[in-house]
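A.B. asks: Can you read through this structure? Questions will come right after.
Bear in mind that the values in this text are calculations on the coordinates, not laboratory data. Everything numeric in this text was worked out from a predicted model, so none of it was measured. Backbone-built Cβ (ideal geometry, glycine too); neighbour counts: all protein chains shown.
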Amino acid sequence: MFDRNSDYALNKKDPDAIVCKSATGIHIRLTRADFSSAEEFEKWKRWSDENYHAIEKADHRHSNRTISLEGLAELSFAVLSAETEVMDQYDQEERARLCRLLAEGLDACLTAPQRRRLWLYCVEGLTIKEIAAQEKVKHQNISKRILAAKKILKKFLERWVQNGTKNGGK
């Protein structure tokens, strides 16, 4: 993360001064007037930019490769119980089963054009006019077809939920 108040950032941001910390820790500005010549100021400005940049890079290398012991201790206690692992596996299997059933149901209740149009509209985010332009038909036709597909899908899902709960989800 870039620190806008670091010595490097403050020095780089001010091209007309060398910004550095004094012995008391307060940032001071050394301007061209504080040097005997403009060349001497430029020499020390260039040196300070390079020096602060090297320090900043070293700090980043250190922080990017260092792990907090506090975080490490917390991770060592974050072990899943056997019950949680079994339940997670069960949930994943159940989701996969429901996705398969839904895909089979979509294939059974919607035609290929209905599935494609509904996908473009609901998932891809295309507008009705964009879909109509793609298929070279009137947008009213696409609107009617998408509405019909939604109704068919709604009826299918209602029947599926009723049958699924009566049969224990199978």
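A.B. asks: Taking a cut-off of 29 Å between Cα atoms, list the lysines near K150, but don't count ones fewer than 8 places away on the same chain.
C.D. replies: Excluding near neighbours in sequence, the set is K129, K136, K138, K166, K170.
A.B. asks: Put a dot 7 Å past each Cα toward the Cβ at A148 and S36; how far apart are the dots in nm?
C.D. replies: Modelled inter-label distance: 9.3 nm.
A.B. asks: To continue, here is another question. Using every pair of alpha-carbon atoms in region 7-64, split the distances into 5 Å bins beginning at 0 and state the percent of pairs per bin, rounded to integers.
C.D. replies: P(r) for region 7-64, in whole percents per bin: 4, 20, 25, 23, 16, 7, 3, 1, 0.
A.B. asks: Another question, if that's okay. In nanometres, what is the gap between the two model label sites at M87 and K136, each 7 Å from Cα along Cα-to-Cβ?
C.D. replies: Distance between label points: 5.7 nm.
A.B. asks: Count charges around F35 for me, please; just the other residues with Cβ under 10 Å from its Cβ, Lys/Arg as +1, Asp/Glu as -1. Present the calculation step by step, with values, prior to reporting the outcome.
C.D. replies: On the way: positive: R32, K43, K45; negative: D34, E39, E40, E42.
Result for the local shell: -1.
A.B. asks: All other residues with a Cβ under 12 Å from the Cβ of L126 taken together, and with Lys, Arg as +1 and Asp, Glu as -1, what is their net charge?
C.D. replies: Values: positive: R116, R117, K129; negative: E124, E130, E135.
Neighbour charge sum, excluding L126 itself: 0.
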